[in-house]
Amino acid sequence: MKYFLDTEFIENGPEFPVKFISIGIISEEGEEYYAVSNEFHKNEASEWVKENVIKKLELPEEKRKPNKVIAKEIIKYIGDDPNQYLNQKLNLSNEC
């Protein structure tokens, strides 16, 4: 199965950590997954990201989720194939 994804991040140079904003995934069968993180702060974004990304997010703040919840939902959405690898890389064994 092929998946196509689009992600958005806040990136302010090497001295600052990259902040995840959102992800959209669609399978080749047309199933969709979309999530927005509640762990970024829009005041850290550049003016371009504020205008072209954050302003257009499709989920209100109360429906946004922690990054670890999003990671678990992506694993569930994709299925069993990547579970072992992603669980090890993301250290998600029994969290959330």
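Since every read-out is calculated from the coordinates, none of them should be taken as a lab result. Bear in mind the structure is a predicted one, so any value in this text is a computation, not a measurement. Every residue, glycine among them, receives a Cβ derived from its backbone with ideal geometry; neighbour counts consider all protein chains shown.
The modelled label-to-label distance for the pair residue 69/residue 29, using points 7 Å beyond Cα in the direction of Cβ, is 2.6 nm.
Compared with the alpha-carbon gap, the fully stretched path from residue 38 to residue 15 is longer by 6.1 nm at 0.36 nm per residue. Between amide H atoms placed 1.01 Å from N, distances below 5 Å from residue 9 occur with 21, all of them 5 or more places distant or on a separate chain.
In this structure the amide hydrogen of residue 38, modeled in the peptide plane, comes within under 5 Å of the amide hydrogens of 65, 67, none closer than 5 places in sequence on its chain.
Listed values for segment 58-66 are Karplus-derived 3J(HN,Hα) couplings in whole Hz (6.51 cos²θ - 1.76 cosθ + 1.60, θ = phi - 60°), namely 8, 10, x, 4, 5, 9, 7, 10, x, and x replaces Gly and Pro.
Please compute the contact order of segment 1-47 in relative form: average sequence separation of alpha-carbon pairs under 8 Å and at least six residues apart, divided by the residue count, as a percent.
For segment 1-47, the relative contact order is 35 percent.
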